[in-house]
Amino acid sequence: MSDLPTIRYDSSDNATIDRQVRWAAHAGITGFISSWWGQGDKTDTNFARVLAHAATLEQTTGTHFASTIYFESDAPALRGLNSIVRQLRYILTTYANSKYFFHWHGKPVIFFWNPLGNGRTLALWQAVRSQVDPHNATIWSAEGVDTSLLNVFDGLHLFSAAYWGILHNNIAAVDQGFRAKINAFNQAHHTQKIWAAGVLPGYNDTKVPGRKGTYTVPRNNGATYRMSWNGALSSNPDWVTITTFNEWFEGAMIEPSITYGTQYLDITQQYATRWHG
């Protein structure tokens, strides 16, 4: 990895999850989007723990922290129409009624990774939605730059955080361009699709064994993250998503590290305060 956490940990450890929830909430983050690989997977068990620790946080500090699931579309257990339908029904039955599950205007929200990857089509997702959520009682945010996703999903987010805009020093224009596209779609279709602007502290997956097409987005001692936040906020986003809290192996984390200490949580707090007080 390109850096290491100040406290090494097991992600399934309750003390770890409690610390991460408290760190994030103190920095102004309002919830996690937790990588989820299916019912019974350790990511499923850990997500339940995140919700439990959010309840403890609210009881002890009064701070509300509401998290949701990142539906990892490439996971073996989440492939094919029937599997997707079954797993989404499980999510909605098991978690969506929790007050610590992220809701937007009263509706539970689920994020979907790369819905059009590996041969998946909009027709597949339309078929899924017609079975799981025919009345659009939930909100589905799709990862990707293709606005055709808005014909099935309720908004777009960019796990990439439009890093090319950072590298070319025009991230504000890139983010504002996505806002304009979603506004145009909403005007044409009389919808209220959601723009979630992504922010990125930096990125470095060059140390991942066997990975091809690796790249680096230099951190520049916090300047990259500030540029990313400024670009995001300039686009009048409905949401801001952070890539990432603790994805260490791709070097995109804001969790306290040996190299940077709490610098990135401190910057997060500054911008979260600027955005929503």
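Of note:
- Rg(Cα) / (2.2 N^0.38 Å) computed for region 32-132, rounded to two decimals: 1.12
- Apolar share of the accessible surface for the chain: 52 percent from carbon plus sulfur atoms, 1.4 Å probe.
- Dipole-positive endmost among W125, I254, T273 within the chain (Cβ charges, Cα centre): W125
- Residues F249 and T63, FRET efficiency given R0 of 41 Å [Cβ-Cβ distance, rounded to 0.05]: 0.90
- Selected from T43, T93, N221, residue furthest toward positive end of dipole (the chain; charges at beta carbon): T93
- Length released on extending from N169 to T273, taking residue separation times 0.36 nm less the Cα-Cα span: 35.0 nm
- A 1.4 Å probe run over the chain, with the rest of the protein chains in place, finds 45 Å² accessible per residue.
- Qualifying lysines (Cα of each under 20 Å from Cα of K181; at least 8 residues distant if same chain): K193
- Taking 0.36 nm per residue of separation and subtracting the current Cα-Cα distance, fully stretching the chain between T216 and V145 would add 23.5 nm.
- For region 112-149, the residues whose amide N sits under 18 Å from a probe point set 7 Å from the Cα of R79 along the beta carbon direction are 113-122, 124-125.
- Charged side chains reduced to their Cβ positions (Lys and Arg at +1, Asp and Glu at -1) give region 82-194 a dipole of some 260 debye around its Cα centre.
- For the pair N186 and I258 in one chain, pulling the backbone fully straight at 0.36 nm per residue adds 21.5 nm over the alpha carbon distance.
- The helix-only estimate of mean residue ellipticity at 222 nm for the chain, built from DSSP H runs of length n ≥ 4 each weighted as -39500 (n - 2.57), is -12500 deg cm²/dmol after division by the residue total.
- Reported to the nearest whole Å, the Cα centre-to-centre distance from region 153-187 to region 4-82 is 26.
- Shape category assigned to the chain from the gyration tensor of Cα positions, a/c cut at 1.5: rounded
- Solvent exposure of E143, expressed as accessible area, is near 30 Å², computed with a probe of 1.4 Å over the protein chains only.
- Choice from R19, R211, R86 with maximal GNM fluctuation in the chain (Cα, 10 Å cutoff): R211
The values are calculated or read from the model by the stated rules, or taken from the named source; none is laboratory data. Being a predicted model, the structure only gives us computed values, none of them experimental. Every residue, glycine as well, gets a Cβ built from its backbone with ideal geometry; the counts of neighbours run over all protein chains shown. Heads up: the accessible areas ignore ligands, DNA and RNA and are worked out on the full protein's heavy atoms, side chains in. Shrake-Rupley method; radii C 1.70, N 1.55, O 1.52, S 1.80 Å.
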